[in-house]
Amino acid sequence: MQNLILLKEIVEQRIRMRASRGGDEGQTVFEYLGIIVIIVLIIGAIVGSGLAASIANAITQALADITAH
């Protein structure tokens, strides 16, 4: 009988652990979504400000300098 009580406690503990992990996974999804939104806003600001063309020109010039040597 003692073994059944111990087994019941172990199973209940595992169920509680799985339930607590489920909440963490949902939180992680929202954290990733927040990071993606911030990255999209930063890229949008760079493109909207015209800075993207300057960056592209600088990269093109750097590549040209590398391949010229």
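Given 0.36 nm per residue, what is the gain on full extension from Ser54 to Leu4 after removing their alpha carbon distance, in nm?
Details: separation 50, 0.36 × 50 = 18.00 nm, distance 7.12 nm.
Taking Ser54 through Leu4 to full extension adds about 10.9 nm, to one decimal.
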Once Cα extents along the principal axes in Å is worked out from the coordinates, which option in (i) 82, 32, 5; (ii) 32, 25, 20; (iii) 55, 21, 12 does it equal?
(i)
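When the chain is fully extended, how far beyond the present Cα-Cα distance does Gln61 get from Val37, taking 0.36 nm per residue of separation? Don't skip to the answer; put the middle values down first.
Numbers: separation 24, 0.36 × 24 = 8.64 nm, distance 3.08 nm.
Length difference between fully extended and current span is 5.6 nm.
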Provide the per-residue ³J(HN,Hα) series for the range 27-33, in order, calculated from phi with Karplus coefficients 6.51, -1.76, 1.60 and θ = phi - 60°, each as a whole number of Hz, with x at glycine and proline positions.
5, 4, 4, 5, 5, 5, 4
Quick one: Karplus J couplings for the range 5-13, per residue in order, coefficients 6.51, -1.76, 1.60, θ = phi - 60°, nearest Hz, x for Gly and Pro?
5, 5, 4, 4, 5, 5, 5, 4, 5
The simple spin-label model distance between Phe30 and Arg14, using points 7 Å out along Cα→Cβ, in nm, is 3.0
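Since every read-out is calculated from the coordinates, none of them should be taken as a lab result. Since the structure is predicted, the reported quantities are computational estimates derived from the model, not experimental observations. Note that each Cβ is placed from the backbone with ideal geometry, even for glycine, and that neighbours are counted across all protein chains shown.
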